[in-house]
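K.L.:
For reference, the structure I am asking about is given below.
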Amino acid sequence: MEAFQHQLLTLTGALICFCILVKCIRFMKCMFAHIWSALPQTFFQSLGEWAVVTGAGDGLGKAYSFELAKRGLNVVMISRTLEKLQRVASEVEQATGRKVKIIQADFTKNSVYENIEKSLQGLDIGVLVNNVGMLHNPFPCRFLNGPDIDENLINCNIISVTKVCNTLFIYVTSIIKGLILNLSSGLGTFPCPLYTMYSASKAFISTFAKALQAEYKAKGIIIQVVAPYGVSTPMTMYQKPGLITKTAEEFVSESLDYVTFGDEIFGCLAHEML
């Protein structure tokens, strides 16, 4: 019995050491990204002329739109509020000199995808950022005490990812290259009570995207899950940025340097440590 316990403890210790080693390697890759796997300056432009960003009106979507435009891509911005889209699109065009196309779409409704597909026809699309999402409730609450918006959350956080991927795959797979970033959350990497619906929806994104990458990796398409923890956005009620909580601009700029770092990343060095 003692021999078995000793072997069990040894095996457990070895597994813990292995997990720590993997974590350290990921950390070192992020810390020395420009040495470990530096992206060519023309990497994003080589994928296509246009990037498509959902939930682009503010927060991470707005930051992705700006950063991808800075890296040489024209941007299709998709979001619900037309006035906000028009304002941000104008800012992106003036700041970067790139073309911007806007599509108004409320992803809580399943009737928007036909118009999105028509609006994207004829564009050389190389990058998709599946960013749109919503919280079931901005404050922690038990499942039965939350607002009755389950269908809206499922449509916005889950159905939108599958539908937009399905639409964009027509363009991406036809050119045998491309990048699809699926925004999940650190809260989707483990069961998260009091944010049950949100956590579960983000876990779906992670599983879906990883399976999709396994299916299409051989075609040269990068499909990556980005699972941030604290980012200061309207969804997080603009938490004060600090060591862990990043501004949307900081997070996006760093995360785009890691697009070749595997099927799932946390997006920045600080979040890799968690």
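Throughout, read-outs are computed from the coordinates displayed, never taken from laboratory work. As the structure is a prediction and not an experimental result, all values here were calculated from the model. Here Cβ is always computed from backbone atoms with ideal geometry, including for glycine, and neighbour counts include all displayed protein chains.
K.L.:
Which residues among the stretch 238-272 fall inside the zone where the amide N is under 11 Å from a point 7 Å beyond the Cα of residue 190, along Cα→Cβ?
P.N.:
No residues fall inside that zone.
K.L.:
Shifting gears a bit: Please identify, among 14, 56, 69, the residue showing maximal mean-square fluctuation in a Gaussian network model of the chain using a 10 angstrom Cα cutoff.
P.N.:
Of 14, 56, 69, the Gaussian network model singles out 14 as fluctuating most.
K.L.:
How far is it, in nm, from the label point at residue 94 to the one at residue 46 when both lie 7 Å from their Cα along the line to the Cβ?
P.N.:
Using points 7 Å along Cα→Cβ, the separation is 3.5 nm.
K.L.:
Here's a follow-up. Work out which helices of the chain, taken as complete DSSP H runs, extend at least 24 Å along their axis over the Cα atoms and score a mean Kyte-Doolittle of 1.0 or more, then list them. Don't jump to the answer; show the numbers that get you there.
P.N.:
Working: long enough: 2-31 (43 Å, 1.16); 196-216 (30 Å, 0.17).
Correct list, ordered by number: 2-31.
K.L.:
What FRET efficiency do you get for residue 149 and residue 115 if R0 is 22 Å and r is their Cβ-Cβ distance, rounded to the nearest 0.05?
P.N.:
0.40
K.L.:
Order of 139, 43 from fewest to most other C-beta atoms within 10 Å?
P.N.:
Numbers: 139 9, 43 16.
The fewest-first ordering by Cβ neighbours comes to 139, 43.
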